[in-house]
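The numbers here are math on the coordinates, done by the rules we state, and not lab data. Since this is a predicted model, take the numbers as computed values, not measurements. Quick reminder, even Gly has a Cβ in these numbers, built from the backbone with ideal geometry, and neighbours come from all protein chains shown.
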Amino acid sequence: MDTTTLLTYFAKASYFLAAVMFILGIKRMASPVTARKGIVQAGLGMVIATLATFAITGSHNLHLIVLAIVLGVAPTWIWGKKVAITDMPQMVALFNGMGGGSAAAIGAGELLKYAEAGAAPSKITLTLAIVGALIGSISMTGSIIAWAKLDGRMDKRFTFGGQQAFNFIVFAASVVAGLAVVVWKLDTTLIVAFFALALVFGVLMTLPIGGADMPVVISLYNALTGLAVAFEGFVMNNEALIIAGTVVGAAGTLLTQLMAKAMNRPISNVLFSNFGGGGGGEAITGTQKAIEASDAASLLYMAERVIIVPGYGMAVAQAQHKIWELSQQLIKRDKSVKFAIHPVAGRMPGHMNVLLAEAGVPYDLIADMDDINPEFSTCDVAIVIGANDVVNPVAKTDKSSPIYGMPILDVVNARQVIVIKRGKGTGFAGIENALFYADNCKMLYADGQEAANKLIAELKAIDSGGGH
């Protein structure tokens, strides 16, 4: 057996090992307790797959491979170390887009190579290359638009008359161009036209989607990236890409379905309809009632059961550590404290769980929406910090509201509600929150960290006899 054959067998075995590590790593990511180990394990699998690729290619294009790794790893390593937790959704969206772009680039490279050689592969190989390139291209530009929206560089939604019809025409044109490459002619001009149309469609598809749908959209593009990688793995006959892409695609698809279910909206409604819309619904009467930190602390001091509802505002204020410190002060005083998490709170799936885990909140204190909702009616004080649309009761009561039908956290059922908020602005859906005007709700206008510090100080003052 020659050296080349041995290296090939070694690479195949390494790809299999890497694939197993991918699968087990993703399985571990399903639990916050083992998620970190799962990420490391999957990362090691990727290192093994990369080293195996070196074994196959040998010295062929070695300098280009090393250059690509350096250009890819160095800036992302630095960015990953420095990125603020509030910018994590943007980073996830952008990196996911790069994954889709990589799959599209693989497809483009293979297609152009065949076109230049003048020797077309089998129709199945061509079809898989086109499908993978189409999905990867859409995922890349769609994810970039999602990043721009999340980062505030673009309006939350952009619409114009006949938008969906125009989008369909562009998508149909990209499909026709792809079919022409497969069944008619493997031509460079057709390939370029196909990619141009696919990339443009990714932009057009994401432009009208409202910001409140971004967690679902990010999950969807994650699934598309995985599928694109799997298809291109078939084209390159690379087992690691096939298995890794399939697993990521399946996980992303399941997550997308769960997120859409949490919004009580089908995927088609997410893609082809605008959530929110910056208005609509019945007018809300009454006024928002402000409360001072000292009075809010008195309510907490007398309470027995407290539920904390975090949202994106907590991430912006980077207040998760101070909120956990406040919770510890309450727990020391024999209060029952729980955290209520809405599935789409924040800007990406699991955003609030990541923040709370970073702050060291024990997992047994964190409850999801279905489990915690029945407990609000027996809750003495609910603290809402930075959450808005996910606690808006009009989602259940006002059929004319843009968010009607979306499952929410039943914060309004608590005996007292304290909302920590910097101002009177609306949430990502762009509508007023009826909870803020409810008789049992008081508004503590302050930055999240500032409010938590004041509440901690006031609780200590009460203990020392200097408070109310």
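Taking DSSP loops as anything outside H, G, I, E and B, show the longest stretch in the chain free of GluC sites (Glu not before Pro) there with at most 14 other beta carbons within 10 Å. Don't skip to the answer; put the middle values down first.
Values: sites that count: Glu282, Glu292, Glu304.
Here the longest run is 1-281.
What distance in nm separates the two pseudo spin-label positions at Leu71 and Val316, each 7 Å out from Cα along the beta-carbon direction?
Taking the simple label geometry, Leu71 and Val316 are separated by 3.7 nm.
Apply 1/(1 + (r/R0)^6) to the Cβ-Cβ distance of Ile284 and Ala196, taking R0 = 45 Å, and write down the FRET efficiency to the nearest 0.05. Could you put the intermediate results ahead of the total?
Values: r = 47 Å, r/R0 = 1.04.
Efficiency computed from Cβ-Cβ geometry: 0.45.
Rounded, prolate or oblate for segment 1-82? Axes are the square roots of the Cα gyration tensor eigenvalues, ordered a ≥ b ≥ c, and the cut-off for rounded is a/c under 1.5. Before the final figure, lay out the partial values.
Details: a/c = 5.23, a/b = 1.34, b/c = 3.89.
Because a/c hits 1.5 or more and a/b fails to exceed b/c, segment 1-82 counts as oblate.
Just list whichever of Lys12/Lys37; Lys82/Lys261; Lys113/Lys149; Lys82/Lys442; Lys37/Lys442 have alpha carbons separated by over 32 Å in the model shown. The partial results should precede the final answer.
Working: Lys12/Lys37 25 Å; Lys82/Lys261 34 Å; Lys113/Lys149 36 Å; Lys82/Lys442 36 Å; Lys37/Lys442 42 Å.
Flagged as over cut-off: Lys82/Lys261; Lys113/Lys149; Lys82/Lys442; Lys37/Lys442.
Using a Förster distance of 22 angstrom, determine the FRET efficiency expected from the C-beta separation of Thr188 and Ser122, and round it to 0.05.
Values: r = 20 Å, r/R0 = 0.90.
Efficiency for this residue pair is about 0.65.
Specify the longest stretch of the chain that does not include any exposed loop site, a site being one of the chymotrypsin sites (Phe, Trp or Tyr not before Pro) with a non-H, G, I, E, B DSSP assignment and at most 10 other Cβ atoms within 10 Å. Walk me through the numbers before you get to the answer.
Details: sites that count: Phe160, Trp184.
Of all site-free stretches, the longest is 185-468.
Subtract the Cα-Cα distance of Thr34 and Tyr445 from 0.36 nm times their separation in residues, and report this length gain in nm to one decimal. Working shown, then result.
Numbers: separation 411, 0.36 × 411 = 147.96 nm, distance 3.73 nm.
Additional length available on full extension: 144.2 nm.
Within segment 105-190, report the trypsin sites (Lys or Arg not before Pro) that DSSP leaves as loop and that have at most 15 other Cβ atoms within 10 Å. Can you show the working numbers first?
Numbers: sites: Lys113, Lys123, Lys149, Arg153, Lys156, Arg157, Lys185; in loops: Arg153, Lys156, Arg157, Lys185.
Within segment 105-190, the qualifying trypsin sites (Lys or Arg not before Pro) (loop, at most 15 other Cβ atoms within 10 Å) are Arg153, Lys185.
When a footprinting reagent is the concern and you count Cβ atoms within 10 Å, what order do Asp389, Asp87 take, fewest first? Working shown, then result.
Working: Asp389 27, Asp87 17.
The most exposed by this proxy come first: Asp87, Asp389.
Given a Förster distance of 22 angstrom, what is the FRET efficiency for Glu304 paired with Asp370, based on the Cβ-Cβ distance and rounded to 0.05? Walk me through the intermediate numbers first.
Values: r = 23 Å, r/R0 = 1.06.
Efficiency, from the Cβ-Cβ distance: 0.40.
I'd like the distance between the alpha-carbon centres of segment 87-116 and segment 138-207, rounded to an integer number of Å.
Each part reduced to its Cα centre gives a spacing of 14 Å.
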